[in-house]
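J.: The following block contains the structure, expressed as structure tokens.
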Amino acid sequence: MNNKMILAALGLDLKRVALGLQRGSFKMANRFMQEAMARKKEIATSDIDQYLIKLLDKMEQSFKTFDSSKKAEDALMYSTLFQNASLKK
């Protein structure tokens, strides 16, 4: 897969994380968090902009927070940013 497709898939996974957390479906949200982390590892960081690398690191840090509503907001924000980045490429 190329980085454009991986970023788009990452955005969708993050959107599902946000929806799961907002609905209270923590099992689903955790599953898609795992999927998002797997997508992160697939990205060839040598081919993407530096700001995307920083966003990927911040995304991983936001998953470690205990506040589920903050985690949902962050996941939705990163989802939008990664989807926009995939359209830009």
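J.: In sequence order, what are the phi-derived ³J(HN,Hα) couplings for region 8-16 according to the Karplus relation 6.51 cos²θ - 1.76 cosθ + 1.60 with θ = phi - 60°, rounded to whole Hz, with x for glycine and proline?
T.: Taking θ as phi minus 60°, the curve returns 5, 5, 4, x, 5, 4, 5, 5, 5 Hz for region 8-16.
J.: Then there's this: Rounded to the nearest 500 deg cm²/dmol, what is the calculated helix-only ellipticity per residue at 222 nm for the chain, with -39500 (n - 2.57) per DSSP H run of length n ≥ 4? Could the numbers behind the result be given before it?
T.: Details: 4 runs with 72 residues, N = 89.
Using -39500 (n - 2.57) per qualifying helix, the result is -27500 deg cm²/dmol.
J.: From largest accessible area down, sort Arg23, Arg39, Arg16, Arg31; use a 1.4 Å probe on the protein chains. Each step should come with its number before you reach the end.
T.: Values: Arg23 165, Arg39 50, Arg16 95, Arg31 125 Å².
These residues rank, largest area first, as Arg23, Arg31, Arg16, Arg39.
J.: Taking a point 7 angstrom from the Cα of Gln61 along the C-beta vector, which residues in region 70-88 have backbone N less than 18 Å away?
T.: 70-79, 81-82
J.: For helix 26-42, what angle does its Cα long axis make with the longest principal axis of the chain, in degrees from 0 to 90 and rounded to 10?
T.: 10
J.: Another question about this same structure. Using a 1.4 Å probe and ignoring any ligands, DNA or RNA, find the accessible area of Thr45 and quote it in Å² to the nearest 10.
T.: For Thr45, the solvent-accessible surface is approximately 80 Å².
J.: Next question. If you roll a 1.4 Å probe over the chain with all protein chains in place, what percent of the accessible area is carbon or sulfur?
T.: Taking all protein chains in place, the chain shows 55 percent carbon and sulfur surface.
J.: If I ignore ligands, DNA and RNA and count only protein heavy atoms, how much of Phe82 is accessible to a 1.4 Å probe, in Å² to the nearest 10?
T.: Phe82 exposes around 0 Å² with every protein chain in place.
J.: By the scheme Lys and Arg +1, Asp and Glu -1, what is the net charge of all other residues having a beta-carbon under 12 Å from that of Gly20?
T.: +4
J.: Ok, one more. I'd like the orientation of helix 68-88 relative to the chain: the angle between its Cα long axis and the longest Cα principal axis, in ° from 0 to 90, rounded to 10.
T.: Tilt of helix 68-88: around 20 degrees.
J.: With everything on Cα atoms, drop me the angle between helix 50-62 and the longest principal axis of the chain, reported from 0 to 90° to the nearest 10.
T.: That works out to roughly 20 degrees.
The values are calculated or read from the model by the stated rules, or taken from the named source; none is laboratory data. This one's a predicted model, so the numbers in the text were calculated from it and none came from an experiment. Using ideal geometry, Cβ is built from the backbone for each residue, glycine included, and neighbour counts are taken over all protein chains shown. For accessibility, only protein heavy atoms count, side chains too; no ligands or nucleic acids. Shrake-Rupley method; radii C 1.70, N 1.55, O 1.52, S 1.80 Å.
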